[in-house]
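Taken together, the values in this text are just the output of simple stated rules run on the coordinates, not laboratory data. Every value quoted in this text rests on a predicted model; they were computed, and no experiment measured them. In this analysis, Cβ positions are derived from the backbone assuming ideal geometry, glycine residues included, and neighbour counts consider all displayed protein chains.
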Amino acid sequence: MEKQAKCEEKKIGVIETWSRKHRLLFHGATRHPLILSIRDGSINIASFKSWLAQDYLFVRAFVPFVASVLIKAWKESDENGDMEVILGGVASLEDELSWFKREASKWGISLSEVVPQQANKKYCGLLESLMSPEVEYTVAITAFWVIEAVYQESFAHCIGEDSKTPQELKETCERWGNEAFAKYCQSLQNIANRRLQKASDEELKKAEVMFLKVLEYEVDFWNMSKGNV
Ligand SMILES: Cc1ncc(CN)c(N)n1
């Protein structure tokens, strides 16, 4: 990479540079038709239920992934504070799984009968590959940030001004759209930016490829409910 470009990235942060450079894909992942239909109130409840059931399975796979990032932080991080941020993330996932179970029972979904769809299997496979000790902390924390950021940006849009989100879906949107979750995502972004600033060109390239892959998989994940949108 050109020295000049690298300096620019340092000033505004690598993550911001990538988000601008790949804004169409970022927009596609955070303003998906499913999210827009929640926000304008036209959502088909079957789509929502299908997303909820699939996401429960995803979050179960997400727990060991986040735990693996915690291990990488312990082994590789240059800052003590990283572990506390990631540990907070692990801890909140217990509450998240309980929430999924309550929400599923509210909607009459039997979680034990949910079969993972292809896009979900593929995404969980990506999480599993990221758990390998071969994957650098910088790459894993970048993936972690973007996974959380997509949900934060998406659901915050559903509770923004003028949204017509149905009352019964507001709690879901608040879960990822609230201020505390936004702050948590900012902390993850700060860690990722710090690591990316110090990364070698090779590591930087791997992290950018991972950033794009996560965005692509997020779009595929939303698309699973497309038949019902
Ligand atoms: C597919 C997906 N992406 C992100 C998140 C937020 N942890 C989630 N629950 N599901």
Identify, please: which residue in the stretch 21-70 is more than 16 Å from the ligand (Cβ to nearest atom) and crowded, with 16+ Cβ neighbours inside 10 Å and is, among those, farthest from the chain's Cα centre (by Cα)?
I43
In the stretch 71-90, residue surrounded by the most Cβ atoms within 10 Å (Cβ to Cβ) [restricted to those that are of a type in the set (A, V, I, L, M) and under 24 Å from F221 (Cβ atoms)]
I86
Look through the stretch 218-229, keep the residues that are in a helix (DSSP H, G or I) and closer than 16 Å to I35 by Cβ, and return whichever of them is nearest to the ligand (Cβ to nearest atom).
F221
Does E171 fit the bill of being under 24 Å from D40 (Cα atoms), within 16 Å of the ligand (Cβ to nearest atom) and of a type outside the set (A, V, I, L, M)?
yes
Given the conditions (1) within 12 Å of the ligand (Cβ to nearest atom); (2) farther than 17 Å from E76 by Cβ; (3) crowded, with 18+ Cβ neighbours inside 10 Å, and given that A143 satisfies all but one, which numbered condition is not satisfied?
(2)
Are there any pairs with C-beta distances below 6 angstrom linking a residue in the stretch 148-167 that is farther than 15 Å from F181 by Cα to a residue that is aliphatic (A, V, I, L, M) and surrounded by 14 or more Cβ atoms within 10 Å (Cβ to Cβ), with the two at least 6 apart or on different chains, and if so which?
T165/I38
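Residue by residue, here is whether (1) surrounded by fewer than 16 Cβ atoms within 10 Å (Cβ to Cβ); (2) aliphatic (A, V, I, L, M); (3) within 16 Å of the ligand (Cβ to nearest atom); (4) not in a loop (DSSP other than H, G, I, E, B) holds:
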{"residue": "D162", "(1), (2), (3), (4)": "yes, no, no, no"}
{"residue": "W176", "(1), (2), (3), (4)": "no, no, yes, yes"}
{"residue": "K183", "(1), (2), (3), (4)": "yes, no, yes, yes"}
{"residue": "N190", "(1), (2), (3), (4)": "no, no, no, yes"}
{"residue": "L204", "(1), (2), (3), (4)": "no, yes, no, yes"}
{"residue": "E208", "(1), (2), (3), (4)": "no, no, no, yes"}
{"residue": "K213", "(1), (2), (3), (4)": "yes, no, yes, yes"}
